[in-house]
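Note sheet for the following structure.
The values are calculated or read from the model by the stated rules, or taken from the named source; none is laboratory data. Predicted model only: the values in this text are computed from it and were never measured. Every residue, glycine as well, gets a Cβ built from its backbone with ideal geometry; the counts of neighbours run over all protein chains shown.
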Amino acid sequence: MSIRTARFTIQDASKVLMTQWAEVREQWDDAAARAFEARYIEAIEPAVRAGLAAMEQLEEQVGRAKREAS
């Protein structure tokens, strides 16, 4: 799997997760849901953004290295 493909796979999975979490929250609205969201869900978005940004930079560096090697 290429870096680009992996990046898009992670991005899509994150979108699906957030959509499904929103659906769950429509039915689950108590202190436990809020605690779960604060502990896990809210931490996912910035981590995914940082990971995707790092993958994009890595993809650019790999591309540059391939161009320089040829």
Answer yes or no as to whether Ser14 is at pLDDT below 95, out of contact with any Gly (no Cβ under 8 Å at 6 or more places or on another chain) and among the small types (Gly, Ala, Ser).
-> no
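Tally time: how many residues in segment 3-40 are in contact (Cβ under 8 Å) with a residue 12 or more places away in the chain and closer than 19 Å to Leu58 by Cα?
Step one: of segment 3-40, the residues in contact (Cβ under 8 Å) with a residue 12 or more places away in the chain are 3-4, 6-7, 10-11, 14, 17-18, 21, 25, 37.
Then keep just the ones that are closer than 19 Å to Leu58 by Cα; that gives 3-4, 6-7, 10-11.
The total comes to 6.
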